[in-house]
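The values are calculated or read from the model by the stated rules, or taken from the named source; none is laboratory data. Predicted, not measured: the structure shown is a model, and the values here were computed from it. No Cβ is skipped: glycine too gets one built from the backbone with ideal geometry, and neighbour counts run over all protein chains shown. Areas reflect the complete protein model, heavy atoms only, side chains present, ligands, DNA and RNA absent. Shrake-Rupley method; radii C 1.70, N 1.55, O 1.52, S 1.80 Å.
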Amino acid sequence: MRSIFRSSLRATQRAARPCALPPRPAAAALAAAGLLAALGAPARAASFEFVPAPQIDLNRVYRVDTVTGEVTSCQYGLREGAVGSVGLTVCYGAGEGASAQAPSQYGLVASRHTREAGVFRVNYRTGEMSICYVQLQKEAVVCTAQANPASPGADEPASGPAPGRAVPSATPPQGGR
């Protein structure tokens, strides 16, 4: 009787043990490599920053991709001939100079000039800046070339007119008496 009891006990113990699969080092290494790649890879989701145009009579907002520096813009528009209409959103894509730049950390800064329709795209890592605005003829956002005021030779006094100022400024003097 003892032998029957022992054999059934052994059978029960064998059945109760979890089934151990033979180790698969290649599968484990592949899973670990996939996990490390997923954790170390940069996020692909774009993050954006939004800034309104400083011009007080313009309903326009600029958007910058904070990683690529691409600048676009949207504004409110009226529907032609539709009285009492809700209106529509008019958007302008990235044109000359406003397309994706070298990956970095970008942002937008609006000046406090109430008649200015453009914004500054800034690179927080390098200090470079460019001016972006909607060019209506091209129906696109355009940006000037990026410049860095702290570039080499900035300590030297400027000789002649400032770059890009071949004619006097159309902007009236600020804060003068």
Scan segment 47-66 residue by residue and report those that are at pLDDT 95 or above and among the hydrophobic types (A, V, I, L, M, F, W, C). Phe48, Phe50, Val51, Val61, Val64
Filtering segment 100-120 down to residues that are over 19 Å from Leu58 (Cα atoms) and not polar (S, T, N, Q), which residue is farthest from the chain's Cα centre (by Cα)? Ala102
Cβ-Cβ distance below 9 Å, separation of 6 or more or different chains: which pairs start in segment 72-91 with a residue that is more than 17 Å from Val119 (Cβ to Cβ) and open to solvent by 100 Å² or more (accessible area, probe 1.4 Å) and end on one that is of a type outside the set (D, E, K, R) and at pLDDT below 80? Leu78/Ser85; Arg79/Ser85
Output the residue which, of all residues in segment 125-151 that are within 18 Å of the chain's Cα centre (by Cα) and farther than 26 Å from Gln75 by Cβ, is surrounded by the fewest Cβ atoms within 10 Å (Cβ to Cβ). Arg125
Answer yes or no as to whether Ser104 is open to solvent by less than 40 Å² (accessible area, probe 1.4 Å) and under 15 Å from Phe50 (Cβ atoms). no
Pairs needed: first member in segment 51-70, more than 18 Å from Leu88 (Cβ to Cβ) and without any contact (Cβ under 8 Å) to a residue 12 or more places away in the chain; second member anywhere, open to solvent by less than 60 Å² (accessible area, probe 1.4 Å) and part of a loop (DSSP other than H, G, I, E, B); C-beta distance under 6 Å; at least 6 residues apart or different chains. none
In segment 82-99, is there at least one residue being in a strand (DSSP E or B) and touching an Asp or Glu at 6+ places or on another chain (Cβ under 7 Å)? yes
Just to be sure before I move on: is Glu116 modelled with pLDDT under 95, over 22 Å from Phe48 (Cβ atoms) and not small (Gly, Ala, Ser) in the structure I sent? no
